[in-house]
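Colleague: Just passing along the structure, written as structure tokens.
The values are calculated or read from the model by the stated rules, or taken from the named source; none is laboratory data. Fair warning: this is a prediction, and the values are worked out from it, not measured in the lab. Don't worry about glycine lacking a Cβ; one is built from the backbone with ideal geometry, like all the others, and counts go over all protein chains shown. Please note that ligands, DNA and RNA were not included when accessible areas were found on the heavy atoms of the full protein model with its side chains. Shrake-Rupley method; radii C 1.70, N 1.55, O 1.52, S 1.80 Å.
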Amino acid sequence: MLAKKWLHTLLLTSFGLAAAPGALTAQDSVSPGVSGIVAAEKLFDLRFSPAKRDSIVSGLIDHLKLYRYLHSQNLNNAVPLSLSFDPLLPGTPYERRQNPLHWEIPGEVALPANRNDLAFYSIPELASLLRRRKITSVELTKFFIDRLKKYGPVLHCVIELTEDSALAQARWADALFARGIVHSPLQGIPYGIKDLFAVRGTHTTWGTPPYKDQVVPATAYVAERLDDAGAVLVAKLSLGELAMDDVWFGGLTRNPWNLATGSGGSSAGSAAATAAGLVPFAIGTETYGSIVDPSMRCGATGLRPTFGSIARTGCMALCWSSDKVGPICRSAEDAAYVFAYIHGGDSVDASSRLMPFNYTGKVDVARLKVAYTRNYIDTLPESSPEKQTLLILRRLGVKPVAVDFPDDLHGNDILSLIIGVESAAAFDQLTRSNRDDEMVQQNKDRWPNTFRTARFVPAVEYVNACRMRSAIMRRVDPFISRYDIIIAPPETGDQLAITNLTGHPSVTLPVGYHPDGTPGSISFIGQLYGEAKLLAFAKLFQDATPYNKQRPKGFE
């Protein structure tokens, strides 16, 4: 609180907004002065003449009146931005035709002798068991709820179990199976969802104390789509506070491969629970690394789809121009099953669109154009997971060419500024009410201070950062569009920022293990709306390797 009072005083004095004598609050009567404008110029890299400064004063007073009006409207987090981001540059051609999808559900799948092995069955294997009535959805749902109850406290990955509604969904799925009705391969299969999605009848805490008791009387688009597919929601899973890292009001979400470390975030519980076999799959989100990072650390297979591929309606808004929804699974094939039933747009999310997903699970390596980022990989040891990935792919007939990923575009700085400003607007009420004091993390690089700092970003500079984003897209497009797949370490250099700025999809998957036993991972970057080919390529790798089939000790 002392820091906030100091900041408030600095704001008033910097702009010459001195409180009138006897005023009840510093905002009741203010008088902008030219000397304050001089001080403000230093913050914003500006320099005006005395005459220009004098002419600015009346405009500042008018602006202040408007600010107060805007503040009085108390815009909540669900009110969208009027502008929408489009990852497609004007004139970019794209596929429009959706072909029928054919899923290869295995014919004979046996229940395991050790029931715990069921926790690591794939979606096609579970679908086979359910369709052939070797297990009921109710039995499967109870099995995963028991695992969530047992291991959730170990990993700190569960915010709320949805046991009653899950069992009701499971009974309905079993009734459909009994009548020979199958809506999708996901029917009857349990899953978890990151707790920034609204689901009617549950709390939607966003992982932080100020919203711990929040109940949103609606259900998010992605949860509705999964409900239509017959999937069974068993838990709302942890996220770092307001979608940053892996610390929430329940503590640190743990990495199942090393409980002394965090899972990464912010889709922390989604990755940890999936990797530990507490759910067959989960839904996460990414604004800047929040699917990539926990998937990398937990050894999960996380799909960050093209921006706009899945409507975000009912999802907490952090950064309207960068928020994305995606599945976190244990294989690329499982991710394809889930993505097929959740991708699409609606009339609420202006950035969303329905694009074809013509997944076959097969790629012609002879015709595939694959590159790897030599400026990130060539200097690594030969034994590194990244170098071993290239070796395996070459054995599979892939011929990756060496390229330098553009690393001089200040992508991290630009994306961070955009996220900072948009998130500060999304949580304007939280900052001005001082309820951000209730948040668990109060470090200078965490949200409360980030929101405050972003209030000092001039609107002109935010717009120019967005314009620079457009320039980066035009600069990068000829490079990325040359290849079907680009291979890169998940968080090395500027590629993670750049591909979030451009909206390109990626899949992050385990490709080996470090000396401490934790997974090593790689990211495959695909073309815009090229998730079908991207996931088929990842499946090619996973079919030939054991890495995504490994299980963390203690959760078998």
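Colleague: Once you charge only the Cβ atoms, +1 for Lys and Arg and -1 for Asp and Glu, what is the size of the charge dipole of the chain about its Cα centre, to the nearest 20 debye?
Modeller: So the magnitude is around 460 debye.
Colleague: Sticking with this one: Rounded to the nearest 0.05, what FRET efficiency do residue 165 and residue 212 give with R0 = 22 Å and r taken as the Cβ-Cβ distance? Could you check?
Modeller: The calculated FRET efficiency here is 0.65.
Colleague: Right, another one. For the chain, what % of the accessible area comes from carbon and sulfur atoms, probe 1.4 Å?
Modeller: Values: 13040 of 23900 Å².
Of the solvent-accessible surface of the chain, carbon and sulfur hold 55 percent.
Colleague: With the crude spin-label approximation of a point 7 Å out along Cα→Cβ, what separation in nm comes out for residue 413 versus residue 444?
Modeller: That separation, rounded to one decimal, is 1.8 nm.
Colleague: Could you please state, rounded to a whole Å, how far the C-alpha centre of the range 314-343 is from the C-alpha centre of the range 508-548?
Modeller: Between the Cα centres of the range 314-343 and the range 508-548 lies a distance of 16 Å.
Colleague: Give me the accessible area per residue for the range 337-484, probe 1.4 Å, as a whole number in Å².
Modeller: 50 Å²
Colleague: What number comes out for accessible area per residue over the range 31-150 if the probe is 1.4 Å? Units Å², please.
Modeller: 65 Å²
Colleague: Mind checking which aspartates and glutamates have their Cα closer than 19 Å to the Cα of residue 399? Skip sequence neighbours fewer than 8 apart in that chain.
Modeller: Qualifying aspartates and glutamates at Cα under 19 Å: 364, 378, 382, 386, 484, 543.
Colleague: Which aspartates and glutamates, if any, have their Cα less than 16 Å from the Cα of residue 149, not counting same-chain residues under 8 positions apart?
Modeller: Within the straight-line cut-off, residue 149 pairs with 139, 160, 163, 164, 556.
Colleague: Sticking with this one: Taking a probe of 1.4 angstrom, what is the accessible area of residue 206 in Å², to the nearest 10?
Modeller: 20 Å²
Colleague: Further question: Can you tell me which lysines have their Cα less than 16 Å from the Cα of residue 134? Leave out same-chain residues fewer than eight positions away.
Modeller: List returned: 142.
Colleague: Follow-up. If I take every Cα pair under 8 Å that is 6 or more residues apart in the range 140-262, average their sequence separation and divide by the length, what percent do I get for the relative contact order?
Modeller: Details: 215 pairs, mean separation 38.7, N = 123.
Value for the range 140-262: 31 percent.
Colleague: Let me ask something additional. If the chain between residue 228 and residue 474 were fully stretched, how many nm would it gain, using 0.36 nm times the residue separation less the Cα-Cα distance?
Modeller: Additional length available on full extension: 84.7 nm.
Colleague: Let me ask you something else. If I model a spin label at residue 513 and residue 183 as a point 7 Å from the Cα along the Cα→Cβ vector, what separation in nanometres do I get?
Modeller: Taking the two extended label points, one gets 3.9 nm.
Colleague: Another question, then. What is the chain's relative contact order, in percent, from Cα pairs under 8 angstrom and six or more apart in sequence?
Modeller: 14 percent
Colleague: Provide the convex hull volume over Cα atoms per residue for the chain, in Å³.
Modeller: 160 Å³
Colleague: Applying 1/(1 + (r/R0)^6) with R0 = 25 Å to the Cβ-Cβ distance of residue 55 and residue 455, what FRET efficiency is obtained, to the nearest 0.05?
Modeller: FRET efficiency, residue 55 to residue 455: 0.55.
Colleague: Continuing with this model, one more query. Taking the Cβ of residue 95 as the centre, find all other residues whose Cβ is under 13 Å away and add up their charges (Lys, Arg: +1; Asp, Glu: -1).
Modeller: Neighbour charge sum, excluding residue 95 itself: +3.
Colleague: Pull up the DSSP beta bridges for the chain and report the antiparallel fraction as a percent, rounded to 5.
Modeller: Approximately 65 percent, going by the DSSP bridge assignments.
Colleague: Before I look further, what does the range 229-329 give for accessible area per residue, probe 1.4 Å, in whole square angstrom?
Modeller: Heavy-atom accessible area per residue stands at 14 Å².
Colleague: Could you sort out which of 42/212; 387/539; 212/324; 52/444 sit more than 29 Å apart by Cα distance in this structure?
Modeller: Over 29 Å apart, Cα to Cα: 42/212; 52/444.
Colleague: Further question on the same structure: Can you tell me the relative contact order of the range 192-318? Whole percent, Cα pairs under 8 Å, sequence separation 6 or more.
Modeller: Details: 272 pairs, mean separation 31.8, N = 127.
Rounded, it is 25 percent for the range 192-318.
Colleague: Moving on. Give the residues of the range 520-552 whose amide nitrogen is closer than 17 Å to a point set 7 Å from the Cα of residue 360 in the direction of its Cβ.
Modeller: It comes to 530-541, nothing else.
Colleague: Measuring from centroid to centroid over Cα atoms, what is the spacing of the range 424-475 and the range 132-185 in Å?
Modeller: 39 Å
Colleague: Convert 10 °C to kelvin, take the viscosity as 1.306 mPa s, use the Kirkwood radius over C-alpha pairs of the range 383-462 as Rh, and evaluate the Stokes-Einstein diffusion coefficient in µm²/s, rounded to a whole number.
Modeller: 98 µm²/s
Colleague: Right, here's the next one. What is the distance, in nm, between label points placed 7 Å from the Cα along the Cα-to-Cβ direction at residue 67 and at residue 549?
Modeller: About 6.1 nm, to one decimal.
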